[in-house]
Amino acid sequence: CITTICQDALLELWSGTGPKLHAPAQLFLFPCSGWRCTGPSASTTMVSARSKKIVKERGQEPDEFEEQVAQALFDLEATNAELKSDLRDLYITSAKEVDVANGARKAIIIHVPYRLLKAFHKIQQRLVRELEKKFSGRDVVIVANRRILPPPRNGKTNARPRSRTLTAVHDAILDDLVYPTEIVGKRIRYRLDGSKVLKVHLDPKDRNTTEYKLETFASVYKRLTGKDVSFEFPVAESS
């Protein structure tokens, strides 16, 4: 921005009693009352900084709720000393609020770039805790963006990475949902009507910190994959 020059100083420059200007110095006059900086406003700078916390795919514009989540991330980066440095280079790609337990509660699904997932994992427990404070009454889950590739057709030999198969991506979503809790077992239960549900066993040592989110995990997984799942902690067998 252009430095403010008070009227008295300008008069001194014109009269020759003030400091000399060296070429190619120029003076700028503005047709407005007083003298002011013409740089970007603080509000514009804030909006620009906030927008860096969410980058939608294909250049789409974030919706109102996604703007709220981006603002929350920006606020944490600006005010939380524990998260500031780690959040500086992180951003999300989407955020959606969904109903949990037949509408009794709500959850926030935050999608992040796959290449940033490890960086998010580094601060995930603290970040989720702070976001759940800001969005009171809502559980927060973080899931990486992954792309499923269709199987080769017409006998083509082009191999697709196993990580891009439907099964691998759905398994990875399970891991994302419960992180940092570990999955210690899985089994499929068949119902009388022919349908099936996946039962996922979680590490019992995290029961106290994770049990309240089991319905959230199941609802979010169903929304993302269309598959039924139940999460539980296996009961230790007595000797």
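At a glance:
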{"read-out": "Per-region count, segment 100-114, residues in a loop (DSSP other than H, G, I, E, B) and modelled with pLDDT of 90 or more", "value": "1"}
{"read-out": "Residue in segment 158-165 that is in contact with a helix residue (DSSP H, G or I) (Cβ under 8 Å, 6 or more places away or on another chain) and at pLDDT below 95 present", "value": "yes"}
{"read-out": "Segments classed as helices (runs of 4 or more DSSP H), wholly inside segment 162-239, with at least 3 members that are in the same structural domain as L127 (by TED's automatic domain parsing) and more than 28 Å from the chain's Cα centre (by Cα)", "value": "none"}
{"read-out": "Odd one out for D139, checked against (1) of a type outside the set (S, T, N, Q); (2) surrounded by 12 or more Cβ atoms within 10 Å (Cβ to Cβ); (3) without any contact (Cβ under 8 Å) to a residue 60 or more places away in the chain", "value": "(3)"}
{"read-out": "Flag for A95 being modelled with pLDDT of 95 or more and surrounded by fewer than 18 Cβ atoms within 10 Å (Cβ to Cβ)", "value": "no"}
{"read-out": "Residue in segment 169-190 that is small (G, A, S), loosely packed, with under 13 Cβ neighbours inside 10 Å and in contact with a strand residue (DSSP E or B) (Cβ under 7 Å, 6 or more places away or on another chain) present", "value": "yes"}
{"read-out": "Test: residue in segment 134-143 that is among the acidic types (D, E) and not in a helix (DSSP H, G or I)", "value": "yes"}
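The values are calculated or read from the model by the stated rules, or taken from the named source; none is laboratory data. All values reported here derive from a predicted model rather than from experimental measurement. Please note: Cβ atoms are built from the backbone with ideal geometry, for glycine as well, and neighbour counts cover all protein chains shown.
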